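The block underneath contains the structure these notes are about, expressed in structure tokens.
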């Protein structure tokens with residue numbers, strides 16, 4: 001029975017990525033147009049070819065360090081495998097990108113009972129929406145989630161979290177407007193223990209990554225839940241919008257230094273023309289993207305699948321088989 005349920009979840013996720021891949025048209029079109037106009041017109045794999053490819057990766061917000069690393073690894077693969085054409089070199093680049101992404105552990109740490117997930121981010125990044133979708137996903141996977149509305153700075157945020165909790169059909173613990181966010185987090189975890197919840201998801205107020213006082217408040221929330229459950233929060237997830245581009249890296253670094261992020265949720269992956277932000281975030285911080293969102297539907301959140309992501313990004317560019325990794 002458990003194996004059948006796991007197989008059904010796997011099939012649902014694969015179907016989701018097939019549907020979502022079509023929504024990445026903006027990033028795929030931008031990337032493929034640049035590749036066709038610059039790289040594929042240059043038939044020789046000379047220094048100019050690699051320089052053009054480096055420019056394309058930087059323009060896609062992959063970050064200079066990541067772009068240089070990928071191009072250098074591509075040069076080595078071209079030499080070792082005696083690759084002769086631009087099309088084959090692009091397939092090799094895709095293979096290098098896949099190796100880079102597959103080298104990270106993207107599993108969500110949800111083994112504790114309850115597991116505590118603290119969700120953070122700047123104003124308007126989509127934290128509350130993400131929590132609603134995440135709660136729905138957990139319930140679909142047979143788990144019992146509980147959400148906590150600890151964004152007490154805005155009464156509208158509490159009501160928005162209530163609406164998402166109702167939509168996802170999960171219970172909620174809500175604080176009072178202008179109340180102590182850490183107290184709400186504490187009450188939510190306490191309630192999760194009493195209810196026998198599997199996962200506790202805590203919403204937090206959006207804050208600029210430059211505000212030290214607000215960051216200290218998040219640190220307090222993290223300490224408070226740790227008093228109730230050892231090692232909590234088990235996940236501290238930063239919600240970022242993909243269209244933010246390289247500014248997302250700056251945001252992520254500030255949150256990571258303050259809290260020690262365990263993962264990133266990248267939303268609006270279908271709303272950006274630059275497909276490399278994800279690579280830059282992971283390379284700069286060593287923090288994996290664990291969940292991605294596309295669209296506004298309650299089902300529009302899923303675990304990150306590197307192979308499916310790259311298939312979507314390179315769609316329309318590659319007509320040759322991808323070379324074997326290694």
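The values are calculated or read from the model by the stated rules, or taken from the named source; none is laboratory data. All of these numbers come straight from a predicted model, not from anything done at the bench. Positions of Cβ are backbone-derived with ideal geometry, glycine not excepted, and every protein chain shown enters the neighbour counts.
What residue, among those in the stretch 140-149 that are in contact with a helix residue (DSSP H, G or I) (Cβ under 8 Å, 6 or more places away or on another chain) and at pLDDT 95 or above, is nearest to residue 186 (Cα to Cα)?
148
Just to be sure, is residue 221 more than 24 Å from residue 133 (Cβ to Cβ), part of a helix (DSSP H, G or I), in the same structural domain as residue 119 (by TED's automatic domain parsing) and in contact with a helix residue (DSSP H, G or I) (Cβ under 7 Å, 6 or more places away or on another chain)? Before you say what the answer is, go through the steps one by one.
Details: more than 24 Å from residue 133 (Cβ to Cβ): no; part of a helix (DSSP H, G or I): yes; in the same structural domain as residue 119 (by TED's automatic domain parsing): yes; in contact with a helix residue (DSSP H, G or I) (Cβ under 7 Å, 6 or more places away or on another chain): yes.
Considered against the rule, which asks whether it is more than 24 Å from residue 133 (Cβ to Cβ), part of a helix (DSSP H, G or I), in the same structural domain as residue 119 (by TED's automatic domain parsing) and in contact with a helix residue (DSSP H, G or I) (Cβ under 7 Å, 6 or more places away or on another chain), residue 221 comes out as no.
Considering (1) surrounded by fewer than 17 Cβ atoms within 10 Å (Cβ to Cβ); (2) in contact (Cβ under 8 Å) with a residue 60 or more places away in the chain, say which one residue 227 fails and leave the rest.
Condition (2) is where residue 227 drops out.
Could you tell me whether the stretch 289-303 includes any residue that is part of a helix (DSSP H, G or I), crowded, with 19+ Cβ neighbours inside 10 Å and at pLDDT 80 or above?
No, the conditions are met nowhere in the stretch 289-303.
Hey, among the residues in the stretch 271-286 that are at pLDDT below 80 and surrounded by fewer than 22 Cβ atoms within 10 Å (Cβ to Cβ), which one's farthest from residue 64 (Cα to Cα)?
To start, the set of residues in the stretch 271-286 that are at pLDDT below 80 comprises 271-275.
With the extra rule that they be surrounded by fewer than 22 Cβ atoms within 10 Å (Cβ to Cβ), the set shrinks to 271, 273-274.
Numbers: 271: 22, 273: 18, 274: 14 Å.
Checked the stretch 271-286; the qualifying residue farthest from residue 64 (Cα to Cα) is 271.
Checking residue 147 against (1) within 25 Å of the chain's Cα centre (by Cα); (2) touching a residue at least 60 places away in the same chain (Cβ under 8 Å): exactly one of these is not met. Which one?
(2)
Hey, residue 108 hits all of (1) at pLDDT 95 or above; (2) farther than 23 Å from residue 309 by Cβ but one; which does it fall short on?
Evaluating residue 108 over (1) at pLDDT 95 or above; (2) farther than 23 Å from residue 309 by Cβ leaves (2) as the failure.
Say we look at the stretch 191-206 and pick out the residues that are part of a loop (DSSP other than H, G, I, E, B) and touching a strand residue (DSSP E or B) at 6+ places or on another chain (Cβ under 8 Å); which of these is surrounded by the most Cβ atoms within 10 Å (Cβ to Cβ)? Give the steps one after another, and end with the answer.
Let us first name the residues in the stretch 191-206 that are part of a loop (DSSP other than H, G, I, E, B), namely 196-198, 204-206.
Right, trim to touching a strand residue (DSSP E or B) at 6+ places or on another chain (Cβ under 8 Å) and you get 197-198, 204.
Values: 197: 24, 198: 20, 204: 27.
It comes out as 204.
With respect to the numbered conditions (1) under 21 Å from residue 312 (Cβ atoms); (2) at pLDDT 90 or above, which one is the sole condition not fulfilled by residue 64?
(1)
Residues 169, 176: which one is on the phi < 0 side of the Ramachandran plot and either surrounded by fewer than 17 Cβ atoms within 10 Å (Cβ to Cβ) or touching a residue at least 12 places away in the same chain (Cβ under 8 Å) (or both)?
176
Filter the stretch 246-266 for residues that are over 13 Å from the mean Cα position of the chain (by Cα) and more than 16 Å from residue 216 (Cα to Cα); which is modelled with the highest pLDDT?
Applying the first criterion (over 13 Å from the mean Cα position of the chain (by Cα)) to the stretch 246-266 yields 246-247, 250-251, 253-260.
Subsequent filtering for residues that are more than 16 Å from residue 216 (Cα to Cα) retains 246-247, 250.
Numbers: 246: 78, 247: 80, 250: 84.
Ranking the candidates gives 250 first.
Would you confirm whether or not the stretch 208-222 contains a residue that is over 11 Å from residue 115 (Cα atoms), surrounded by fewer than 19 Cβ atoms within 10 Å (Cβ to Cβ) and in contact (Cβ under 8 Å) with a residue 60 or more places away in the chain?
yes
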